[in-house]
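Asker: Would you mind keeping the following structure in view while I ask a few things?
The values are calculated or read from the model by the stated rules, or taken from the named source; none is laboratory data. Keep in mind it's a predicted model, so treat the numbers as computed, not measured. Here the Cβ positions follow ideal geometry from the backbone for every residue, glycine too, while neighbour counts run over all protein chains shown.
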Amino acid sequence: MRDFVHHHTTARPVPLAPEILLHTATDITALWESTGRPDPPFWAFPWAGGQALARHLLDHPDLVAGRTVLDLAAGSGLVAIAAATTGAATVTANDVDPAAGTAIALNADANHVTLDIVIADLLDTDPTHDVVLAGDVFYDRDMTARVLPFLRRAHHRGATVLVGDPQRAHRPRDGFHHVATYRVPVEHDLEGTDHRTTHIWRPD
């Protein structure tokens, strides 16, 4: 799997967070077709929600410094790397895709940080981390229905919960308050535009 990720990606600075390097797809179409899956390889791109969260953490390190952090649906591990870079005590990068686990490990090495990588579905568990971060998790109805209860359980337990969302169609319209807004450069082939206005939200 490491050879597969290396073959289809190159390490590049993240547009909104150039302090961080990510193994990013060099040919989106070729990589997507090679996976044989209907969903895009979420681990191969710095998605808008993750970029906004990473930038927010880099600019506000006090949010995670000395705390335990979970990056939910981590994809490339971008948000987890930002948390580790800004002084989190421990950072868990979670995804369900084994390829994401490989990409996260490579990206952690490229940025000289240590992450705990967990490849499992955690959405029916009770979160225990001090901080829960989620970028681009409202991309369809089913995912939103599953992730919202997890985020709310974390919030009610006292965790700091931050969500990065580029105005996806299924983002909840209530129960969250606005924290920050970023204009994020994105892959035109994926998003149909060169920038996405992306918001950081916290549960009420």
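Asker: Taking ALA88 as the residue in question, decide whether it is more than 25 Å from THR197 (Cα to Cα) and over 9 Å from the mean Cα position of the chain (by Cα).
Answerer: yes
Asker: With region 62-145 as the region, which strands (runs of 3 or more DSSP E) entirely inside it contain at least 2 residues that are buried (at least 19 other Cβ atoms within 10 Å of the Cβ) and at pLDDT 95 or above?
Answerer: Here the list reads 68-72, 90-95, 131-135.
Asker: Run ALA30 past the list (1) surrounded by fewer than 24 Cβ atoms within 10 Å (Cβ to Cβ); (2) part of a helix (DSSP H, G or I); (3) in contact with a strand residue (DSSP E or B) (Cβ under 7 Å, 6 or more places away or on another chain) and report the number of the one that doesn't hold.
Answerer: (3)
Asker: Here's another thing I want to ask about it. For region 1-11: of the residues being touching a Ser or Thr at 6+ places or on another chain (Cβ under 7 Å) and surrounded by 14 or more Cβ atoms within 10 Å (Cβ to Cβ), which is nearest to VAL186 (Cα to Cα)?
Answerer: Filtering first and then ranking leaves THR9.
Yes/no matrix, rows are residues, columns are (1) under 23 Å from HIS129 (Cα atoms); (2) charged (D, E, K, R):
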position	(1), (2)
ILE20	no, no
SER34	no, no
ALA44	no, no
ARG67	yes, yes
GLY77	yes, no
ALA80	yes, no
ASN94	yes, no
ALA99	no, no
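Asker: Let me ask another. Which residues, taken from region 164-204, are part of a helix (DSSP H, G or I) and of a type outside the set (A, V, I, L, M)?
Answerer: Selection gives HIS188, ASP189, GLU191.
Asker: Also, quick follow-up: Of all residues in region 146-174, which are loosely packed, with under 12 Cβ neighbours inside 10 Å and out of contact with any Pro (no Cβ under 9 Å at 6 or more places or on another chain)?
Answerer: Residues satisfying the conditions are PRO149, GLY158, ALA169, ARG173, ASP174.
Asker: Based on this model, can you work out whether ALA30 counts as in contact with a His (Cβ under 8 Å, 6 or more places away or on another chain) and not β-branched (Val, Ile, Thr)?
Answerer: Values: in contact with a His (Cβ under 8 Å, 6 or more places away or on another chain): yes; not β-branched (Val, Ile, Thr): yes.
For ALA30, the condition - in contact with a His (Cβ under 8 Å, 6 or more places away or on another chain) and not β-branched (Val, Ile, Thr) - is met.
Asker: Sticking with this structure for a sec: Name the single residue, out of those in region 147-163 being in a loop (DSSP other than H, G, I, E, B) and among the small types (Gly, Ala, Ser), that is nearest to the chain's Cα centre (by Cα). Walk me through it before giving the result.
Answerer: We begin by selecting, within region 147-163, every residue in a loop (DSSP other than H, G, I, E, B); these are 157-159.
Those still in the list that are among the small types (Gly, Ala, Ser) too: 158-159.
Numbers: GLY158: 21, ALA159: 17 Å.
That would be ALA159.
Asker: Given the structure, is LEU57 out of contact with any Pro (no Cβ under 8 Å at 6 or more places or on another chain), at pLDDT 85 or above and crowded, with 23+ Cβ neighbours inside 10 Å? Lay out the reasoning, then the answer.
Answerer: Values: out of contact with any Pro (no Cβ under 8 Å at 6 or more places or on another chain): yes; at pLDDT 85 or above: yes; crowded, with 23+ Cβ neighbours inside 10 Å: yes.
Yes.
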